[in-house]
């Protein structure tokens, strides 16, 4: 008979301000198999964890249920705590009564408490049937693949080869550097981009561990963390390489504002990249008007690209330094020059005579063609008046947007994108350079519009993450994988079709065909279990008996409450 311990967390006021924690604790004591139940202010604190360990030892507990916040962030912590107390970490069950109860039912404390009791009853019922599990291991191919040769990809590849890790760098263009090839100076640091790119390129090109594939694309990918096989295609041939980890650094592109503010029809209306090319040729306009947030922070594309303001300020300063008498105006909805250095550069631009004027979406600037150039009419919200500006060039500050084939890349790698088309990381705070798909990492503007310094930092972070399994030479397989009951399996193939990770195949064992799961490739999604009409497919930790026990406990508890 299992000896189950239940620990309910107040989570400060996050849970306890809505859920009656004491009432849930007393209820837990009445559940079958529960020999100990208590509550803590913060179960995840060292004091709370120590209390759980002491209770396990004193009460000889062999199954643990913690009702607290999200398992997404805290389950590994409580599992390690169980191990420290001598209990197999897979004899632990997490019940989420914060997101599922107190947060979502904040104005219904009685219902939230009742729901918490139901969830705890279900958790206890499942915990009673949990079985000890052993983690497996899989070997790792000591090779990395970096997709994209922009600044993020160069930083990542440089970091990898500097550790002695063999690295394939794939770039679809004929040269490395990405969008920075068209930019002479990087703001707000005012660094020469060419020097930065050349420095990173040299570190890669001089390394015998680097394999650079220009004018190439990754067109095929199979396998799993530690054992991927990628097909790299160029005009000449297709090459298959085995790699242990993949870094996605495909970057982004400048949004082309066709039809906006006369772009494409009015001479002199240009984008930032077009201005960059002019400045690189030492062509400095006498009269320049920048218009910010063109194509961004509006319905359909409501995100802030974050780099546009700093880019406009940088280029405004360059124009003023080359021609102190030049007239430069920046029309903005507000300035996003975050960071102390960017703030100083913004102040420097104002001191040099750059004019900043605020406009709104309700009254956007109007551009007209004149004999001698362009005329811009803007309603300055600060001055509360309409101002006329003459301009040789009107520069439209447009956002960075995803590359055109982002969905094809996402399908190839089996990774998600957000509603704008940027790649979606596993967790914005806890796993910012990782995908939910193990072994695949993300960095730079492919993830979200980022400054060059941020792109480099993310490239280094992704390389650090990718190097961990490669250096260790193995990966741990969490035992939540599916398995097939050979006695029930009739080799119908439904599970093979349902598996999104291609982890199942039909094999012949002892003259009988049956489904076989590659545990290293399986992610424990449970699709195969749902697809199997013969109940042959099961998942460790989520067996039919365990889930059935949870449903029975919910029904029983609901009936008792109604009576």
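The values are calculated or read from the model by the stated rules, or taken from the named source; none is laboratory data. Everything numeric in this text was worked out from a predicted model, so none of it was measured. Here Cβ is always computed from backbone atoms with ideal geometry, including for glycine, and neighbour counts include all displayed protein chains.
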Failed criterion for residue 69 (all others in (1) within 26 Å of residue 555 (Cα to Cα); (2) surrounded by 15 or more Cβ atoms within 10 Å (Cβ to Cβ); (3) out of contact with any helix residue (DSSP H, G or I) (no Cβ under 7 Å at 6 or more places or on another chain) hold) = (3)
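Taking the stated definitions as given, is residue 558 more than 30 Å from residue 146 (Cβ to Cβ) and surrounded by fewer than 16 Cβ atoms within 10 Å (Cβ to Cβ)? Quick ask: steps written out before the conclusion?
Numbers: more than 30 Å from residue 146 (Cβ to Cβ): yes; surrounded by fewer than 16 Cβ atoms within 10 Å (Cβ to Cβ): yes.
So residue 558 fits the description; yes.
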task = Within the stretch 462-494, track down each residue that is in contact with a helix residue (DSSP H, G or I) (Cβ under 8 Å, 6 or more places away or on another chain), under 30 Å from residue 79 (Cα atoms) and assigned to a helix (DSSP H, G or I).
result = 462, 463, 464, 466, 467
Candidates 99, 26 - the one that is surrounded by fewer than 16 Cβ atoms within 10 Å (Cβ to Cβ) and over 27 Å from the mean Cα position of the chain (by Cα) = 26
request  = Name the single residue, out of those in the stretch 521-563 being in contact with a strand residue (DSSP E or B) (Cβ under 6 Å, 6 or more places away or on another chain) and assigned to a helix (DSSP H, G or I), that is farthest from residue 128 (Cα to Cα).
outcome  = 528
Which numbered condition residue 141 fails, given (1) under 29 Å from residue 522 (Cβ atoms); (2) out of contact with any helix residue (DSSP H, G or I) (no Cβ under 9 Å at 6 or more places or on another chain) = (2)
ask   = Do we have any residue at all in the stretch 146-162 that's at pLDDT 95 or above, surrounded by fewer than 23 Cβ atoms within 10 Å (Cβ to Cβ) and not in a helix (DSSP H, G or I)?
value = no
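From the list 354, 394, 415, which residue is under 16 Å from the mean Cα position of the chain (by Cα) and either under 22 Å from residue 452 (Cα atoms) or buried (at least 16 other Cβ atoms within 10 Å of the Cβ) (or both)?
Numbers: 354 fails: under 16 Å from the mean Cα position of the chain (by Cα); 394 fails: under 16 Å from the mean Cα position of the chain (by Cα).
Of 354, 394, 415, the one residue that is under 16 Å from the mean Cα position of the chain (by Cα) and either under 22 Å from residue 452 (Cα atoms) or buried (at least 16 other Cβ atoms within 10 Å of the Cβ) (or both) is 415.
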request  = Answer yes if at least one residue in the stretch 338-345 is more than 24 Å from residue 451 (Cβ to Cβ) and in the same structural domain as residue 284 (by TED's automatic domain parsing), and no otherwise.
outcome  = no
task = Inspect the stretch 302-313 for any residue being touching a helix residue (DSSP H, G or I) at 6+ places or on another chain (Cβ under 9 Å), in a strand (DSSP E or B) and either buried (at least 20 other Cβ atoms within 10 Å of the Cβ) or not assigned by TED's automatic domain parsing to the domain that holds residue 182 (or both) and give the result as yes or no.
result = no
request  = Go through the stretch 259-280 and give me each residue that's at pLDDT 95 or above, within 30 Å of residue 410 (Cβ to Cβ) and in a loop (DSSP other than H, G, I, E, B).
outcome  = 263
request  = Give the residues of the stretch 163-195 that are in contact with a strand residue (DSSP E or B) (Cβ under 6 Å, 6 or more places away or on another chain) and either part of a helix (DSSP H, G or I) or in the same structural domain as residue 347 (by TED's automatic domain parsing) (or both), sorted by residue number.
outcome  = 193
task = Tell me, yes or no, whether the stretch 378-400 has at least one residue that is under 25 Å from residue 460 (Cβ atoms), touching a residue at least 12 places away in the same chain (Cβ under 8 Å) and in a strand (DSSP E or B).
result = yes
inquiry  = Tally up the residues in the stretch 528-543 that are surrounded by fewer than 20 Cβ atoms within 10 Å (Cβ to Cβ) and farther than 21 Å from residue 91 by Cβ, please.
reply    = 5
